[in-house]
Amino acid sequence: MSIIDWLIVAIFLCALITIGYLFSHKNKNIEDYFVAGRSMPGWIVAIAAAGTTISAGTFVGSPELGFNTNLTYVINLLGSILGGTLVAALIMPKLYNAKTITIYGFLGERFGERAKRANSVMFLLGQLFTSGSRLFIAAIAVSVIIFGKIDFTFIVCSIIILGLVSTFYTMMGGIKGLLYIDTFQTLLMTFTGVVALVMVYCSLEGLSLAEIWNQLSAGGMVKSPGADAALLADGSLQGWEHGSKLKMFDPSLDFSKPYTIIGGMIGIAFFKIAQYTTDQEFVQRQLSCKSVKKAGTSLIWSQLLAIPIVLTFLCIGLLLWVKYINDPYIDGQISAGFFSDARDLFPQYIKNHIPTGVRGLMITGLLAAALSSFNSAINAMASSFVDDLYLPIRKDMGKAVQSDKDQISSSRWMAGLMGMLLTAFAILTAVMQEASGLNLVDFATGVMCFAYGGMIGVFLTAIFSKRGNGKSVMAALIIGALIIIPLMFQKQLFGQTYIAWSWWCPIAGIVSTLVCLAGKPKRQTAE
């Protein structure tokens, strides 16, 4: 990287810190700090929520997915719209109207304090792995750009750098500052994605648009699921199979594939219902809106906005496939290696082919994608820990934190603690992703099911029935998590993947719902 590139990155980071500082003086109490006093306009929340949804997994993982497979991931986006719409219509009004700082406060009113704390703890555990995986994915790109390659030591250094920067400005500004920062970062990431797409297309000299289309549709190849892929000495591809790279819809009933039509419209839609019902990181943004109507509308718009952004990065992967399939040794052995491991495909292109200045802009787009999801996780975890655990426990001990100033101070320190924990777990997820055998996108989304599987059963029981009690809540959380563990490591346990990640949450969610419903209401137990 040149001095100009570093200067652009420095300006970007200084802008984030400045915005955080400016908003640090506008928080009068923890409701301001964690839900912005429920005063945010819907369009700001929608753009910020879109950035949180796509994260670094889109910036780095979607080009990998486009390079290795095709456009069937689009069904994920359609399933997201369906799931988000159902939540906006049926679930969001009850969560918003509860007027609690966290959504787990709603469960406390329904099932009691123990249930609230148990779900908060499950969210915190799940978030450590979920947001840790996003930070790890971003660190792959940072490692390539700064240090030149993917190496565990370099990835760890990159994780620490990203973690420190994000934690610092998140502690200062609270959710209101983060929403404005995330809006800026989402727009920046989108812009850099479009610029990168245009530059990759322009680099395909000698190939017309029609020739590119024909290569993708007729001569395309995709990596076989679970296969070890490689480029052989004779130029042939081992572990790849023929198939159109432009294929968008897969009507098959193969449950080992995540992006079939039924997988997207049923499995992923259910996953999104779980995400926008049980995950404080995502629901917290909607709780900051001025009204429940704006909260629901912003949720739907965030899913719609994600479609063109994700498609842009998928198409970057498709065009890079065209580039390297025509000349796999254009950069020497490093290009040939993409056919066996494409995790650093886009970062390597930024490092080796993007000119000075524009390269710095690309890196800010990467950082924007990484930090927009990581900082929201820090704030959400801090809100859950402070409001659901720390303050109530201090009160039970007779050491209540009374003043607004002290509560905000405690919230800031807890945000710092959450940032450090997330940074540590990002290092752990680097090891887990390698062991799971999943690509970056599937790993980042699949790991979320660990917490969602049990929590969605609890929330559905609380919202749509009068059954359930503290014991059935605990049982549902434990059983939901236990179901996910063998599903995540199918390849290691059984030799191959039989059930794709898009079905993990529905399976665990249905079982945990039945378990939670089995508990009799408290008043019936008393009788």
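The values are calculated or read from the model by the stated rules, or taken from the named source; none is laboratory data. Fair warning: this is a prediction, and the values are worked out from it, not measured in the lab. Cβ sites come from the backbone with ideal geometry, for glycine too, and all protein chains shown count toward neighbours. Just the protein is used for accessible areas: all its heavy atoms, side chains included, with ligands, DNA and RNA removed. Shrake-Rupley method; radii C 1.70, N 1.55, O 1.52, S 1.80 Å.
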Subject >> Protein-only accessible surface order, largest first, of SER465, SER80 at 1.4 Å >> reply: SER465, SER80
**OP:** May I ask you to evaluate 6.51 cos²θ - 1.76 cosθ + 1.60, the Karplus curve with θ = phi - 60°, for each residue of the stretch 460-468 and list the ³J(HN,Hα) values in order in whole Hz, giving x for glycine and proline?
**Re:** 4, 5, 5, 7, 10, 8, 10, 8, x
**OP:** Mind grabbing the base-10 log of I(q)/I(0) for the stretch 363-402 at q = 0.19, 0.27, 0.28 Å⁻¹? Debye formula, identical points on the C-alpha positions, no solvent, two decimal places.
**Re:** -0.60, -0.81, -0.84
Original post:
Which percent, nearest 5, of DSSP beta bridges in the chain are antiparallel?
Top reply: 60
Original post:
Looking at the square roots a ≥ b ≥ c of the eigenvalues of the Cα gyration tensor of the stretch 151-200, which shape do they give, rounded for a/c under 1.5, prolate if a/b is larger than b/c, or oblate?
Top reply: oblate
**OP:** Using only the Cα atoms of the chain, each taken as one equal point scatterer with no solvent, compute I(q) by the Debye sum, divide by I(0), and report log10 of the ratio at q = 0.07, 0.11, 0.12, 0.13 Å⁻¹.
**Re:** -0.37, -0.91, -1.08, -1.27
Original post:
Given the pairs LYS395/LYS520; LYS245/LYS491; LYS94/LYS294, which span a C-alpha to C-alpha distance of over 23 angstrom in this model?
Top reply: LYS395/LYS520; LYS245/LYS491
Original post:
Ignoring ligands and nucleic acids, what accessible area does LEU305 show with a 1.4 Å probe (Å², nearest 10)?
Top reply: 60
Original post:
What is the stretch 340-421 by shape, rounded, prolate or oblate, if you read a ≥ b ≥ c off the alpha carbon gyration tensor as root eigenvalues and call it rounded for a/c under 1.5, prolate for a/b larger than b/c, and oblate otherwise?
Top reply: prolate
**OP:** Read phi for every residue in the stretch 62-77 and hand back ³J(HN,Hα) as whole Hz from Karplus 6.51 cos²θ - 1.76 cosθ + 1.60, θ = phi - 60°, with x for Gly and Pro.
**Re:** 5, x, 4, 5, x, 5, 7, 10, 8, 9, 5, 4, 4, 4, 4, 5
Original post:
Along the stretch 84-91, what does the Karplus equation 6.51 cos²θ - 1.76 cosθ + 1.60 (θ = phi - 60°) give for ³J(HN,Hα), rounded to whole Hz, x for Gly and Pro?
Top reply: x, 5, 5, 5, 4, 7, 10, 10
**OP:** Classify the stretch 55-106 as rounded, prolate or oblate from the Cα gyration tensor: take a ≥ b ≥ c as the square roots of its eigenvalues, call it rounded if a/c is under 1.5, otherwise prolate when a/b beats b/c and oblate if not.
**Re:** oblate
**OP:** Express the accessible area of the stretch 10-152 per residue in Å², computed with a 1.4 Å probe while the remaining protein chains stay in the model.
**Re:** 31
**OP:** Order the following by accessible area, largest value first: MET474, MET171. Probe radius 1.4 Å; ligands, DNA and RNA are ignored.
**Re:** MET474, MET171
Original post:
What ranking, highest mean first, results for peptides 155-166, 350-361 when packing means the other Cβ atoms within 10 Å averaged over each residue?
Top reply: 155-166, 350-361
**OP:** Sort largest first and round to whole Å: the equivalent ellipsoid semi-axes of the stretch 250-364, each the square root of five times a Cα gyration tensor eigenvalue.
**Re:** 36, 22, 11
Subject >> Rounded percent of accessible protein surface that carbon and sulfur make up, the chain, 1.4 Å probe >> reply: 67
